[in-house]
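A.B. asks: Sharing a structure here in structure tokens format.
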Amino acid sequence: MLLSAAALAARARTRHLRAYAIAMAVLTTALALAGAPDALAAGKPVLSAKDVVAKEATGAADVNFALARPARTQVRFTVIPIRGTAQRADASFALRHVVIRRGRRSAVVRIPLRNDALNENTEHFFVTVSAGARLKSGRRVRITIRDNDPMPRVSVADAAPADEVTTAALVFMISLSSPSGRPVTVRYQTDAGPDAETAGSVTLTPGAAKPRPMTVRVNNDFIDEDDQLVTLTLSSPDGAVIADGTATGLIRDNDPPPRVDLSAASSIVEGDEGSQSIDLTVSLRGATQKPVKIGRAHV
Ligand SMILES: [Ca+2]
Ligand SMILES: [Ca+2]
Ligand SMILES: [Ca+2]
Ligand SMILES: [Ca+2]
């Protein structure tokens, strides 16, 4: 049968497309048979492992590394911890060499955690593997540590008396019932009015074991006044609970009483008999908050 030129061209096009489709199918099948192309490329068995949430109280985090199928030959690999917010004080960062024996499918690696007495945020670190195996898709295993320690209690102690001089301050000591693993901040207010600072905040650094001085600046004035007992009150603790939140400190006044001046407001002409009165003006040199009482004497 003779075919036209157009029919021959169409047949050739069809053959070409069929050959291309077959080639693509062969390639896809080859990749599918490989199962884990990455593993083949890397030449190492692939391990899977789930992220772990561990309690600090348990003292360890167990990570289960598993192969897709039982090992045909022994698989040896190294577990490498990587720091996150958790540091060496929180967990062991030593390398661990692990073996999955022939016929076995998985191995559990126990990573020690430090069960301390510090109140801490939830922290985390990672592990990965190297040497004779690798993790799926290059991922890392995240290990979260849940703290088990209560917040410390914060207290404030009375301050020693302070003289009302420039640069003076009442020094209150802030202390925790136990050191904390995170910063502790607390606010304070005083009822000192204009005579000293009335509010502020103080932060204790993580791990601090000793009481921390907290200074309340005293304002020097030139007013004669009574010594003032100042009450300080703690509030809004962050990272602690308040145990004793009230303390006092005495500001000793340093200003002398004002001087009294007397001056005649008018003049009179002295008569020959009887008595006359004269108006006098009483004024104070210096300020005072105390009542001033002036006696009167007849001359
Ligand atoms: Ca603990
Ligand atoms: Ca802790
Ligand atoms: Ca003064
Ligand atoms: Ca004063």
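Just so it is clear, none of the values below were taken in a lab; they were calculated from the coordinates. As the structure is a prediction and not an experimental result, all values here were calculated from the model. Cβ: placed from backbone, ideal geometry, glycine included. Neighbour counts: every protein chain shown.
A.B. asks: Which semi-axis lengths, in whole Å and largest first, follow from the square roots of five times the eigenvalues of the Cα gyration tensor of region 203-269? Could you put the intermediate results ahead of the total?
C.D. replies: Numbers: eigenvalues 478, 27, 17 Å².
Sorted largest first and rounded, they come to 49, 12, 9 Å.
A.B. asks: In addition: Bins of 5 Å, beginning at zero and ending with the bin holding the largest distance: percent of Cα pairs per bin for region 153-252, please.
C.D. replies: That works out to 3, 14, 26, 22, 14, 11, 6, 3, 1, 0, in percent per bin.
A.B. asks: Largest first and in whole Å, what are the equivalent-ellipsoid semi-axes of region 40-146 based on the Cα gyration tensor, each being the root of 5 times an eigenvalue? Mind dumping the intermediate values first?
C.D. replies: Details: eigenvalues 151, 33, 23 Å².
Whole-Å semi-axes of the equivalent ellipsoid: 27, 13, 11.
A.B. asks: Also, quick follow-up: Please report, largest first and rounded to whole Å, the three semi-axes of the ellipsoid equivalent to region 229-299, where each semi-axis is the square root of five times an eigenvalue of the C-alpha gyration tensor.
C.D. replies: Details: eigenvalues 624, 22, 17 Å².
So the three semi-axes of region 229-299 are 56, 11, 9 Å.
A.B. asks: Counting DSSP beta bridges with both partners in region 118-224, what percentage is antiparallel, nearest 5? The partial results should precede the final answer.
C.D. replies: Details: 22 of 22 bridges.
Roughly 100 percent of the beta bridges in region 118-224 run antiparallel, per DSSP.
A.B. asks: Just subtract the alpha-carbon distance of Arg187 and Arg153 from 0.36 nm times their residue separation and send over the number in nm, one decimal. Walk me through the intermediate numbers first.
C.D. replies: Numbers: separation 34, 0.36 × 34 = 12.24 nm, distance 1.43 nm.
Additional length available on full extension: 10.8 nm.
A.B. asks: Work out the FRET efficiency for Arg96 and Lys210 from their Cβ-Cβ distance, taking R0 = 30 Å, and round it to the nearest 0.05. Could you put the intermediate results ahead of the total?
C.D. replies: On the way: r = 38 Å, r/R0 = 1.27.
Plugging the Cβ-Cβ distance into 1/(1 + (r/R0)^6) gives 0.20.
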